[in-house]
Amino acid sequence: MSWGMCIQAFLEMPGGGEWLLIALIGLLIFGRRLPETARSLGRSIAAFKEGLRDARDETER
């Protein structure tokens with residue numbers, strides 16, 4: 001196997017089993033903080049959308 005093939009194999013996207021393992025590790029690391037993080041992310045997205053809406057309304061005036 002050449003180095004180019006090794007690099008290409010390393011850069012490929014993970015398959016189903018790998019994603020499951022990544023999700024399991026994420027839950028172990030962030031398990032308790034996950035709901036709070038998701039809530040915070042939702043609030044941030046809502047505030048960003050509100051800012052965009054306000055900017056659009058201001059430019060239409």
Study note, to complete from the structure: Picked from the range 26-61 (must be of a type in the set (A, V, I, L, M) and more than 15 Å from the chain's Cα centre (by Cα)), the residue surrounded by the fewest Cβ atoms within 10 Å (Cβ to Cβ) is Leu28
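To keep it simple, each residue is scored yes or no on (1) in contact with a Ser or Thr (Cβ under 6 Å, 6 or more places away or on another chain); (2) assigned to a helix (DSSP H, G or I); (3) modelled with pLDDT of 85 or more.
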position	(1), (2), (3)
Ala9	no, yes, no
Gly17	no, yes, no
Leu21	no, yes, yes
Ile25	no, yes, yes
Leu28	no, yes, yes
Arg32	no, no, no
Pro35	no, yes, no
Arg39	no, yes, yes
Ala46	no, yes, yes
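The values are calculated or read from the model by the stated rules, or taken from the named source; none is laboratory data. All values derive from a computational prediction rather than experimental measurement. Glycine gets a Cβ as well: all are built from the backbone with ideal geometry, and neighbour counts include every protein chain shown.
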